[in-house]
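So the structure is just underneath, and the comments pick up after that.
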Amino acid sequence: MEKIKVGIVGLGRLGKVHAKNLAENVQGCQLVAACSVVQEELAYAVTELGVEETYKKYEEMVKSPSIDAVFIVSPSGFHCEQIRLAMENGKHVFSEKPIGLDLAEIKETTQVIESHPEQVFMLGFMRRYDDSYQYAKQLVDSGALGELTLMRCYSIDPSSGMESFVKFAGASDSGGIFMDMSIHDIDLVRWFMKKEVDRVWAIGKNAAYPELDEVGELETGAAMMQLENQAMAILVAGRNCHHGYHVETELIGTKGMLRVAAAPEKNLVTVMNKQGVVRACSQDFPERFREAFINEAKEFIACIREKRQPEVTAYDGLQSTKVALACKESFETNQLITIET
Ligand code: NAI
């Protein structure tokens, strides 16, 4: 069977992970093109991943007849424009989260996507493709927890990643902590609860890293949310986790509760020594979500082959972004924000 030919834009912290997966870990596709503004990254794609075409300009890559699909892993502010160009040039599109940073632009992009229903569009909410979250979702959907009343979500990046984050945030707009980090939790809340978020209140504080003030970023942010059925969600996002990469989710229902990764354990090994009983932790997102990144790429390629659309849609991107923007507004104005439906 003909392989699906893919071009990737962005070969940074996450782009390299996706590029390697597409080149080595996902059957039925071939990574043939790469676009980056950094020459060394393009050289890496050629020598390490066997990429045949390299581009400094996305507008050129997206017109290449050699590619069937694009993987967008550029900074968030470029996603909408790059999605539009790919759709208009007849390519299937995988875009990293968030779908965009500006609501009006996202709405226009969603229309462009909807006007090309024969092309696959998928958004990178990879947690939905993680084994533990899928297991939890099956339990919740089977009614094992009863009716969900509250979710508590932690997404805290490792303090060891601070230098690379400050570089990332200095080079381009991340959208802020709620857009950049909490958006995954917002998607989980909508996915598990099957309800939209109605109202949010968000607060934050910078303590350990004054350099974050200089790039307009928060070290720790917290948000409290009410959903349309009065269910609740409490989100904590941070950039200062000393034990590694802490992503934890708790679901509380009328008949029980569950936690995904109550401690962010690296694997099943327990060491007993002078420090006590020690469990190593996942250190970063490529490690914790290694399989999920591969699974979502496999799903994207399968959707193209089977001519169907994935579960994660542009609408999920729009709705999650509305909530993240409301959190930002709440933090900036210190007001409770009601979200437009
Ligand atoms: P990064 O800053 O490490 O890399 C950005 C890449 O985009 C670089 O290769 C750069 O050369 C390229 N680039 C920048 N401007 C460009 C342009 N005009 N044309 C073509 N290429 C351009 O960023 P990082 O951390 O890899 O993030 C990229 C995206 O992935 C962001 O949207 C971010 O939100 C998302 N992300 C998602 C994660 C997840 O958990 N799903 C984790 C980390 C990032």
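The values are calculated or read from the model by the stated rules, or taken from the named source; none is laboratory data. What you see is a predicted model; the values in this text were computed from it and never measured. Backbone-built Cβ (ideal geometry, glycine too); neighbour counts: all protein chains shown. All accessible areas refer to the heavy atoms of the entire protein, side chains included, with ligands and DNA or RNA removed. Shrake-Rupley method; radii C 1.70, N 1.55, O 1.52, S 1.80 Å.
The set of residues in the stretch 238-267 that are touching a residue at least 24 places away in the same chain (Cβ under 8 Å), of a type in the set (G, A, S) and surrounded by fewer than 16 Cβ atoms within 10 Å (Cβ to Cβ) contains only G256. Put simply, of S142, S172, S164 the only residue that is open to solvent by 40 Å² or more (accessible area, probe 1.4 Å) and within 16 Å of the ligand (Cβ to nearest atom) is S164.
Of the numbered criteria (1) more than 9 Å from the ligand (Cβ to nearest atom); (2) hydrophobic (A, V, I, L, M, F, W, C); (3) under 22 Å from I4 (Cα atoms), the one I72 fails is (1).
Right, A43: open to solvent by less than 10 Å² (accessible area, probe 1.4 Å), at negative phi and more than 9 Å from the ligand (Cβ to nearest atom) or not?
Details: open to solvent by less than 10 Å² (accessible area, probe 1.4 Å): no; at negative phi: yes; more than 9 Å from the ligand (Cβ to nearest atom): yes.
Judged against the criteria, A43 is not a match.
Of all the criteria given as (1) at pLDDT 95 or above; (2) within 24 Å of T321 (Cα to Cα); (3) not small (G, A, S), the one not satisfied by R13 is (1). Going by what's in this entry, would A222 be described as part of a strand (DSSP E or B) and either more than 30 Å from A69 (Cα to Cα) or open to solvent by 20 Å² or more (accessible area, probe 1.4 Å) (or both)? So A222 passes the test. So, K91, is that one open to solvent by less than 40 Å² (accessible area, probe 1.4 Å) and near the ligand (Cβ under 10 Å from one of its atoms) or not? Judged against the criteria, K91 is not a match. Screening D213 with (1) away from the ligand (no atom under 13 Å from the Cβ); (2) closer than 28 Å to V73 by Cα; (3) crowded, with 18+ Cβ neighbours inside 10 Å gives one miss only, at (3).
Within the stretch 1-26, residues that are of a type in the set (K, R) sit with their Cβ atoms under 7 Å from residues that are assigned to a strand (DSSP E or B) and buried (at least 20 other Cβ atoms within 10 Å of the Cβ), at 6+ positions apart or across chains, in these pairs: K3/C29; K5/V32.
Identify all residues within the stretch 116-175 that are outside any helix (DSSP H, G or I), acidic (D, E) and farther than 30 Å from E306 by Cα; write none if there are none. Give the steps one after another, and end with the answer.
Narrowing the stretch 116-175 to residues outside any helix (DSSP H, G or I): 116-125, 130, 142-158, 172-175.
From the residues that got through so far, the ones that are acidic (D, E) too are 118, 130, 147, 157, 173.
The answer is E147, D157, D173.
In the set E311, E329, E287, only one residue is assigned to a helix (DSSP H, G or I), open to solvent by 80 Å² or more (accessible area, probe 1.4 Å) and within 26 Å of I177 (Cα to Cα); that residue is E329.
Quick check on my filter: what residues within the stretch 16-40 are surrounded by 23 or more Cβ atoms within 10 Å (Cβ to Cβ), assigned to a helix (DSSP H, G or I) and within 12 Å of the ligand (Cβ to nearest atom)? Across the stretch 16-40, the qualifying residues are H18, A19. Does E60 count as surrounded by fewer than 13 Cβ atoms within 10 Å (Cβ to Cβ), more than 10 Å from the ligand (Cβ to nearest atom) and among the acidic types (D, E)? So E60 fits the description; yes.
Is it the case that the stretch 49-59 has a residue that's under 23 Å from G161 (Cα atoms) and part of a helix (DSSP H, G or I)? No, the stretch 49-59 contains no residue that is under 23 Å from G161 (Cα atoms) and part of a helix (DSSP H, G or I).
Of the residues I99, I106, which is in a helix (DSSP H, G or I), open to solvent by less than 10 Å² (accessible area, probe 1.4 Å), β-branched (V, I, T) and over 21 Å from L42 (Cα atoms)? Lay out the reasoning, then the answer.
Details: I99 fails: in a helix (DSSP H, G or I).
After applying the criteria, what remains is I106.
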